[in-house]
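The values are calculated or read from the model by the stated rules, or taken from the named source; none is laboratory data. What you see is a predicted model; the values in this text were computed from it and never measured. So basically every Cβ, Gly included, is an ideal-geometry build from the backbone, and we count neighbours across all protein chains shown.
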Amino acid sequence: MSLDLLRIRTETPACKHLIHFNNAGAALSPSPVTQAVLAYLQREQEIGGYEAAAEAHAGLENFYNAFAQMLGCSPQEIAYADSATHAWNKLFNAIDFEAGQTILTGQSEYASNYLAFLHLAKYKGVKIKVIPNTEQGIIDLSLFEAAIDQSVKLIALTHIPSQSGVIHPAQAIGKLARHHNILYLLDACQSVGQIELHVDSLGCDMLTGTGRKYLRGPRGTGFLYLKESCRELLEPAEIDLHSAAWTAKNSYEIRKDARQYESFECFVAGKIGLGVAVDYALNIGLDVIEQRVKRLAAHLRAQLRHVPNVQVHEHGTQLSGIVTFNKQDKAAEALHKYLQIRGFNTSVLRLGNSQLDLGQRCQADINRASVHYYNTEEEIDRFCATVDAF
Ligand SMILES: Cc1ncc(COP(=O)(O)O)c(C=O)c1O
């Protein structure tokens, strides 16, 4: 199956005036997503917030069905969150850790996740074991396996890091987690919407993501997946009248699905919009998206390697749409600004935000260009010429 690039670019109006290579930051939403959000906000203004939500019941339920279809799970295993960080923390904080237990993670773990580990280590005395990456930047599977012992309570992995273009072997880690019967929390924030994800073949118990990146949803949206058979192993740290019912003066009952991690109040327009964004991706096909993103990123890496004084940081074979690079003797921030003035959106990766990974392998901040399926080879060639001119 191929994709209708003309229609896709027409439905991404900014393609006319912008070359957006900041999809790992926030991708451009397609028109149907923006229209769904605006139409809902309009109804809130016309008839009231609660009334608009009741009227939009089907669109809100679509959120769960669309994610379930994409991830290969049941709609009852999906919950809405207002960011990936909140989704991840809700699950992480629901785990009953005891002092001395271990969190097994990788060198590319997302900064906020690692901060949560440090916080728990400080207050609960859990241990954090970080498995280094190989020369290729991929988590070392044999070291990972060797590190598993009775103390490991949680395996936490970031599938595609924000600071490098590698794809970690989430499925192989899932096999180990299942074999040793250890809870497995996968941060799929950069992979969801970019590559095909099926929770069963990944072998994860929990998976979290955001709306605004490769899914092309609105900002301020996210989601979580919680495997039904794991739900009772966890205990939500906070509940409200949406996630639980007050059954008598001194009793309550928590919902018996993943929505026990939701709150009553949320960005309803965003939730509807994110459901539409998932439908949009499903219509194109996640396999088609994955192939095109990988092809474009490979083209970008190859072209950048021809630009004098540019160093591309990815070397492995399992690579995503994220490309990281430096131009010798040029500050990343200065190159970023130079590109932005000329209509190219990219981002800068700061060493301090990735102490275990970037902080170990680079001397200074680096540049990141992240492509999506609506980008083109021609945009990439223009981009490389502009990097060359700097
Ligand atoms: C790997 C990864 N995990 C989590 C997050 C956090 O997502 P959010 O900003 O939606 O909380 C990000 C954001 O950049 C990310 O790259």
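I'd like the full set of residues that are closer than 26 Å to Ala188 by Cα, out of contact with any Pro (no Cβ under 9 Å at 6 or more places or on another chain) and in a helix (DSSP H, G or I), limited to region 6-35. Passing the criteria: Arg9, Pro32.
From Gly211, Gly217, which residue is surrounded by 24 or more Cβ atoms within 10 Å (Cβ to Cβ), farther than 29 Å from Glu253 by Cα, more than 11 Å from the chain's Cα centre (by Cα) and within 12 Å of the ligand (Cβ to nearest atom)? Can you show your working first?
Values: Gly211 fails: more than 11 Å from the chain's Cα centre (by Cα).
Residue meeting the stated conditions: Gly217.
Condition check for Ile138 on (1) farther than 21 Å from Gln360 by Cα; (2) away from the ligand (no atom under 14 Å from the Cβ): one failure, at (1). Out of region 186-208, which residues are in contact with a Phe, Trp or Tyr (Cβ under 8 Å, 6 or more places away or on another chain) and surrounded by 24 or more Cβ atoms within 10 Å (Cβ to Cβ)? Scanning region 186-208 gives Asp187, Cys189, Gln190, Ser191, Val192, Gly193, Gln194, Cys204, Asp205, Met206, Leu207, Thr208.
Quick check on region 103-135: of everything there that is hydroxyl-bearing (Ser, Thr, Tyr) and away from the ligand (no atom under 16 Å from the Cβ), which residue is nearest to Asp187 (Cα to Cα)? The extreme case among them is Thr134.
Pairing residues of region 120-138 that are within 13 Å of His315 (Cα to Cα) with residues that are modelled with pLDDT of 95 or more and surrounded by fewer than 19 Cβ atoms within 10 Å (Cβ to Cβ), at Cβ distances under 8 Å and at least 6 apart in sequence or on separate chains, gives Asn133/Asp140; Thr134/Asp140; Ile138/Pro169.
If you go through region 200-229 and keep only what is in contact with a strand residue (DSSP E or B) (Cβ under 8 Å, 6 or more places away or on another chain) and either free of Cβ contacts under 8 Å to residues at least 60 places away in the same chain or not assigned by TED's automatic domain parsing to the domain that holds Lys153 (or both), you end up with Leu202, Gly203, Cys204, Asp205. Please verify whether region 300-315 includes one or more residues that are more than 22 Å from Gly193 (Cβ to Cβ), without any contact (Cβ under 8 Å) to a residue 12 or more places away in the chain and among the hydrophobic types (A, V, I, L, M, F, W, C). Yes, region 300-315 contains a residue that is more than 22 Å from Gly193 (Cβ to Cβ), without any contact (Cβ under 8 Å) to a residue 12 or more places away in the chain and among the hydrophobic types (A, V, I, L, M, F, W, C). Which of the residues that make up region 245-263 are of a type outside the set (D, E, K, R), within 22 Å of Cys73 (Cβ to Cβ) and out of contact with any strand residue (DSSP E or B) (no Cβ under 8 Å at 6 or more places or on another chain)? Across region 245-263, the qualifying residue is only Ser263. Being farther than 30 Å from Phe63 by Cβ and more than 11 Å from the ligand (Cβ to nearest atom): is that true of Glu196 here? In short, no. For region 337-366, a residue qualifies if it is within 23 Å of the chain's Cα centre (by Cα) and over 24 Å from Leu115 (Cβ atoms), and the qualifying residues are Phe344, Asn345, Thr346. For Gly100, the criteria (1) under 22 Å from Gly217 (Cα atoms); (2) more than 12 Å from the ligand (Cβ to nearest atom); (3) not polar (S, T, N, Q) hold in every case but one, which is (1).
Which one is surrounded by the fewest Cβ atoms within 10 Å (Cβ to Cβ) among residues in region 220-246 that are of a type in the set (Gly, Ala, Ser) and within 16 Å of the ligand (Cβ to nearest atom)? My answer is Gly220. When each of Gly352, Gly359, Gly343, Gly316 is tested for being surrounded by fewer than 16 Cβ atoms within 10 Å (Cβ to Cβ) and at positive phi, the lone residue that passes is Gly343.
Residues satisfying the criterion are present in region 34-57 (criterion: under 19 Å from Ala258 (Cβ atoms) and in the same structural domain as Asp187 (by TED's automatic domain parsing)). Return yes or no: is Leu91 within 18 Å of the chain's Cα centre (by Cα), buried (at least 16 other Cβ atoms within 10 Å of the Cβ) and modelled with pLDDT of 95 or more? For Leu91, the condition - within 18 Å of the chain's Cα centre (by Cα), buried (at least 16 other Cβ atoms within 10 Å of the Cβ) and modelled with pLDDT of 95 or more - is met. Do the conditions hold for Glu77, that is, is it within 16 Å of the ligand (Cβ to nearest atom), in contact (Cβ under 8 Å) with a residue 60 or more places away in the chain and either over 30 Å from Cys362 (Cα atoms) or not hydroxyl-bearing (Ser, Thr, Tyr) (or both)? In short, no. Counting only residues that are within 16 Å of the ligand (Cβ to nearest atom) and in a helix (DSSP H, G or I), region 141-185 holds 2 of them.
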